[in-house]
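This report concerns only the one structure given below.
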Amino acid sequence: MSSPQQKNIINKLLSVGNHEVFGGFATYFIVMHLQQTQHQVIWLKGQNDADYLYPNALANLAVNLKNITFITYQNQQQALWIMEEALRSGAVGTVVAEGLKQPNLLQSRRLNLAAKTGQAKAFMLLKATSQNANSAMTRWQVDICAGAQNQYQVKLLRSRQKGFISGEGNWIMDIKNEKFHINLAATFTAQQITA
């Protein structure tokens with residue numbers, strides 16, 4: 001199991017606001033976070049997306065399905081509107097949106113303001129990422145570790161959190177017995193956290 005200090009680091013990074021996640025293991029990174037939550041969650045999925053998240057798989061990973069509402073959107077504009085309204089309402093703690101393109105600066109700023117108003121978190125599971133400027137609190141890349149079974153590399157590419165250096169946060173995520181364990185990589189030090 002990960003230490004309390006490690007969990008605090010992840011929780012500090014995944015604070016209220018808009019977070020972008022992409023890569024081959026991005027969905028499970030979000031699921032890991034949802035395992036720890038007891039509040040309402042809205043999960044958005046594109047109407048024409050070929051991939052489909054099987055809800056019972058979430059239940060097998062200790063996510064409470066009673067707290068999740070699944071919604072299908074028709075286009076990116078509709079998804080961003082749903083996200084913004086849900087975040088602002090204060091009725092949900094987390095909004096997850098799959099299959100979106102990276103939002104522009106204005107769209108990202110609106111999501112952050114809505115999340116702060118409603119004290120909620122937004123996770124955007126992006127198809128791909130670009131280096132376009134926006135106001136996301138964090139940007140993560142989550143992929144399978146080369147040559148390692150059941151290990152995934154989590155890279156913090158961008159952070160607006162004080163004390164975290166963009167591009168220098170790396171974790172190794174293990175899956176053991178269908179439970180997530182997070183271990184900090186040796187390259188990430190406590191000095192960066194308190195800076």
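The values are calculated or read from the model by the stated rules, or taken from the named source; none is laboratory data. Only a predicted model underlies this, so the values are computations on that prediction, with no experimental measurement involved. Counting neighbours? That spans all protein chains shown, and the Cβs are built from the backbone with ideal geometry, glycine included.
So here's what we get for this one:
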| read-out | value |
| --- | --- |
| Condition broken by A86, with the remaining ones in (1) at pLDDT below 95; (2) more than 24 Å from N132 (Cα to Cα) satisfied | (1) |
| Per-region count, segment 8-28, residues under 10 Å from the mean Cα position of the chain (by Cα) and at pLDDT 85 or above | 7 |
| Count - residues of segment 81-115 that are in contact with a strand residue (DSSP E or B) (Cβ under 8 Å, 6 or more places away or on another chain) and not small (G, A, S) | 14 |
| Filter pass, K101 being among the basic types (K, R), surrounded by fewer than 16 Cβ atoms within 10 Å (Cβ to Cβ), without any contact (Cβ under 8 Å) to a residue 60 or more places away in the chain and more than 22 Å from K12 (Cβ to Cβ) | yes |
| Criterion (exposed (fewer than 14 other Cβ atoms within 10 Å of the Cβ) and either under 25 Å from Q107 (Cβ atoms) or modelled with pLDDT of 75 or more (or both)) met by exactly one of Q40, Q47, Q5 | Q47 |
| Count of segment 91-107 residues which are among the aliphatic types (A, V, I, L, M), at pLDDT below 95 and over 19 Å from F29 (Cβ atoms) | 2 |
| Entirely in segment 108-195, the strands (runs of 3 or more DSSP E) that have 2 or more residues that are under 23 Å from V92 (Cα atoms) and at pLDDT 80 or above | 121-126, 138-144 |
